[in-house]
Amino acid sequence: MGLADMGFLDNIRRVTPYVPGEQPKGKVIKLNTNECPYPPSPKVRAALQGMDIDLLRKYPDPDAFELTHAIAEYYGLKDSQVFVGVGSDDVLSQCFLAFFAGKRPILFPDITYSFYDVWAQVYDIPYFQIPLKDDFSLNAEAFLRENGGIVIANPNAPTGVAESLETLEEIIKGNTDSVVIVDEAYIDFGGETALPLLQKYENLIITRTMSKSRALAGLRVGYAFGNETLIKCLKDVKFSINSYTMNLPAIIMGKAAIEDDVYFREIRDRVVATRERSKEHLRDMGFSFQDSKANFIFAKRGAGQAEEVFRALRDKDIYVRYFNKPVLRDYLRISIGTDEEMDIFFRELKECL
Ligand SMILES: *Cc1c(COP(=O)(O)O)cnc(C)c1O
């Protein structure tokens, strides 16, 4: 029987999935998925060790109150303004489902986090991609058109470019009839948070993650801020799918992570310092890039070289990210590792050029 005879295929939701960066086994220098090169806070370890295993017998708190409250307190918000999820990918996908239910296309840049078009497709949300300018900055005016919602990563991925608060405000203010999501996965490394705009605009949602700046990609904790009405809608959608997404260890360790601000600042500052040093190295080696405010650098060195360099580095067990797509295919996205890892990376990179 050929595929054409399988009538049931008409009833199946078929999508082209998001392709995550490789997670190679064994000892490699891993600069391909923007993880933190440092371990999580020692308080996270202590929290896990102090966890009463007997409690795993019960379902976790569906509101993940301990975690939600700790996050709300840290950012000076009300508990009712915070939503938590299984990484910000989960938070964002629930936001797409909850806030982008209209008929008009949602808008996001043509070069951005490559999960946005995948969620739009899986949820049957019409979308329109707004071209970035040549320097990878946002064309704010182009977002002032009819739409069913907007999502913008700031700083953007994979470019690392951060937009000013004025630019974001122009878009949020000009679209009061739709929800504007600002994905701040990388905001801890630089750029201006849209948090101050929360009091002014009821259509704003901000998403964050513990995966990058808090060294907890494996734990899967993300969160969103918004006004109480939007957060309530988001919770209603989440509770209509799975009430118990936040498992007990994630609640306990996530809380410990948010409470250890001293450690957070220390590792964040180290990553930022290494990023600035790495920019100089890359420039000396003939790479060009827009100024990155994230924990990675999106760099180019002439046309048609990137894929070859990517492969040569991989042969040396050094993983960076390469996107085989128009415009992006001349670039390498290099996550910031420890100083030692970056020294090895630059030494080996020199040999690949
Ligand atoms: C990494 C990333 C996320 C998702 O991170 P989680 O690990 O799911 O929290 C979301 N948005 C952008 C732009 C990212 O780069």
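The values are calculated or read from the model by the stated rules, or taken from the named source; none is laboratory data. As the structure is a computational prediction, the values presented were derived from the model and not from experiment. Because the Cβ atoms are built from the backbone with ideal geometry, glycine has one as well, and the counts that use them run over all protein chains shown. To get the accessible areas, we keep the full protein, side chains included, count just its heavy atoms, and leave off ligands, DNA and RNA. Shrake-Rupley method; radii C 1.70, N 1.55, O 1.52, S 1.80 Å.
Computed about the Cα centre, the dipole magnitude for the stretch 42-259 is approximately 600 debye when only Lys and Arg (+1) and Asp and Glu (-1) carry charge, each at its Cβ.
Note on residue 22 and residue 350: the model spin-label points, each 7 Å out from Cα along the C-beta direction, lie 2.5 nm apart.
Note on the stretch 42-259: dipole from Cβ charges, positive end direction compared against 256, 174, 164; the farthest Cα belongs to 256. Sort the stretch 110-156 into rounded, prolate or oblate with this rule: let a ≥ b ≥ c be the square roots of the eigenvalues of the Cα gyration tensor; rounded if a/c is under 1.5, and if a/c is not under 1.5, prolate when a/b is larger than b/c, oblate otherwise. Oblate, because a/c is 1.5 or more while a/b does not exceed b/c. Label positions at residue 144 and residue 305, each projected 7 Å from the Cα along the C-beta direction, are separated by 4.1 nm. Available extension along the chain between residue 56 and residue 202 is 48.8 nm, counting 0.36 nm per residue and deducting the alpha carbon span.
Annotation: per residue accessible area for the stretch 42-259 equals 42 Å², rounded to a whole number [probe 1.4 Å, protein chains only]. Looking at the calculated P(r) for the stretch 42-259, what percent of the C-alpha pair distances fall above 30 Å? Summing the P(r) of the stretch 42-259 above 30 Å gives 21 percent of all pairs. For the residues 301, 265, 14, a GNM of the chain with alpha-carbon springs under 10 Å puts the largest fluctuation on 14. Counting protein heavy atoms only, the stretch 42-259 has 51 percent of its accessible area on carbon and sulfur, 1.4 angstrom probe.
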